[in-house]
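The next block holds one structure in the form of structure tokens; read it before the comments.
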Amino acid sequence: MSSVTQLARLLAELDEQLIACMRCGFCQSVCPLYGETGREADVARGKLALLDGLAHELLSDPHGVQERLERCLLCGSCAANCPSGVKVLDIFLKARAILSGYLGLPPAKKLLFRQVLARPALFNKLMSLAPRFEGLLTKPVDSLLDTSCARFTSPLGQRHFKRLARVPLHRLEPPRATPAGASGLRVAFFAGCLIDKLYPGVGRAALKTLEHHGVGVEMPAQEACCGIPALSAGDTATFSKLLGHNLARLDPAKFDYMVTACATCASTIHKLWPLMCGSLTPQAQERAKALAAKTRDVSQFLVEAGLVIGQAPAPGPDAKPLTYHDPCHLKKSLGVAAAPRRLMAANPAWRLQEMIESDWCCGLGGSFSLEHYDLSQQIGGHKLEHIVASGAAAVATGCPACMLQISDQLSQAGRHVAVKHYLEIYAETL
């Protein structure tokens, strides 16, 4: 499909979806960005009004439209609370694709996405070399959170970031295709970039959990990114290439489910792979839809399959307080909130202490944090306050991107609260 044809198709789809918005303003009360700025242009209703007649806006002020569209966390709070059921994220992603197709990608993003991210072998090689030089440019800050900051003036600014894993998951855990055990089930495990390169311990906890429950695991070699960074930037060409790469390695006929411990990957595969696969062959589109239908968050899979059963034990007398942050892509996009809590409750060494507004966005928003770090910090500051107020010794979540943001907030504030994935809490019991 030519780029012009694809652009025309996306514009037509956009016009059809925009009709559903009643401009009621319900999105104002749940938008984290609007909560900080109070600007109508920052809320979903304002952006949807802007997109009404996008073909005309492309000619009059395309850069202005793009700038306003990029001021969005893509957290899905507006869509989850929309009384009209407007698929806001679908609309915004298609609009970003249209704008990028019209304006082209900035050179830096084109280099990063098309020359690095779209080539998984090269991406893995570069990321495996990076830890060797990390110490020259960064200095440790917090040993509990394993955070560092830049030694010199850096484009990353003042942020505190998680250090890259010395050995990524794909080298710790080789490709496998194990048969079903006692459960009678087989799954494909999709690690995702952040778990592979920053949090391999989470991936190992997932594999340990699946093995414990007698689940066979298909884990192919050379897995690629799920594609959400490119798609968020409107780069449908890189997204399609990554999707095609993954589809060639994942045959839905070989397993019962595809599971991941990354909320963002789960949401992307389940909702966006079938939505944005229109440029692929009909056979590839069918495979993308079949995989999407089988995709689950690990906690969701374990509970739905009846593998986590029985009464949760009461917390022990020395149980440490633990609080939980609901990732936007897990609760708002996939409706999964009870399952992670069920897994954590299985560990009597921890006592769940719910924080205020546990499902309020942490403020990362992927590339939003890179381009609007000040706003990202302001939104994240509320999450920090709620974590501290809970009195927890650790905060758990189901999204490695949220783990990055929360670690940054805690590290900069000097708060020694551990950041964990809910699977790490559960795997301690196995």
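Bear in mind that the values in this text are calculations on the coordinates, not laboratory data. The structure displayed is predicted, hence computed values, not measured ones. Please note: Cβ atoms are built from the backbone with ideal geometry, for glycine as well, and neighbour counts cover all protein chains shown.
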If you compute Cα extents along the principal axes in Å for the structure shown, which of [x] 94, 51, 47; [y] 86, 54, 40; [z] 65, 48, 47 do you land on?
-> [z]
If you plug each phi of region 131-138 into the Karplus form 6.51 cos²θ - 1.76 cosθ + 1.60 with θ = phi - 60°, what whole-Hz ³J(HN,Hα) values come out, in order, with x for Gly and Pro?
-> x, 5, 10, 4, x, 6, 9, 10
If each residue's Cβ is checked for other Cβ atoms within 10 Å, how do 189, 152 rank with the fewest at the top?
-> 152, 189
Around residue 176, which amide H atoms from residues at least 5 apart in sequence, or from another chain, sit under 5 Å from its own amide H, with H modelled in the peptide plane?
-> 219
Fewest-first ordering of 134, 424, 16 by Cβ atoms within 10 Å yields 16, 134, 424
Per DSSP H run of at least 4 residues, take -39500 (n - 2.57); add these up for the chain, divide by its residues and hand me the 222 nm value, nearest 500 deg cm²/dmol.
-> -13500 deg cm²/dmol
Rounded, prolate or oblate (a/c below 1.5 giving rounded, otherwise prolate when a/b exceeds b/c) for region 3-104 by Cα gyration tensor = prolate
Over 26 Å between C-alpha atoms is what I'm after, so list which of 331/420; 109/254; 94/420; 125/162 land there.
-> 109/254; 94/420
Whose amide H sits under 5 Å from the amide H of residue 185, counting only residues 5 or more places off or on another chain, with H placed in the peptide plane?
-> 216
Applied in sequence order to region 166-175, the curve 6.51 cos²θ - 1.76 cosθ + 1.60 (Karplus, θ = phi - 60°) yields integer Hz couplings, x standing for Gly and Pro, of 5, 10, x, 4, 5, 9, 6, 10, x, x
Over the chain, what is the relative contact order in whole percent, taking alpha-carbon pairs under 8 Å and six or more residues apart?
-> 16
Could you grab the Rg to Rh ratio for region 183-319? Cα atoms only, Kirkwood for Rh.
-> 1.02
What is the spin-label model distance, in nm, from residue 139 to residue 152 if the labels are put 7 Å beyond Cα along the C-beta direction?
-> 1.4
Mind checking the dipole of region 320-427: about its Cα centre, +1 per Lys or Arg Cβ, -1 per Asp or Glu Cβ, Debye to the nearest 20?
-> 440
Assertion target for 360, 273, ordered by fewest C-beta neighbours within 10 angstrom first, is 360, 273
Under the Karplus curve 6.51 cos²θ - 1.76 cosθ + 1.60, θ = phi - 60°, whole-Hz ³J(HN,Hα) for region 182-188, x wherever Gly or Pro sits = 4, 6, x, 10, 10, 10, 8
Given backbone amide H placed at 1.01 Å from N, residues whose amide H is under 5 Å from that of residue 396, ignoring those fewer than 5 places away on the same chain, are 323, 324, 325, 420
Relative packing of peptides 67-80, 230-243 - highest average C-beta neighbours within 10 Å first = 230-243, 67-80
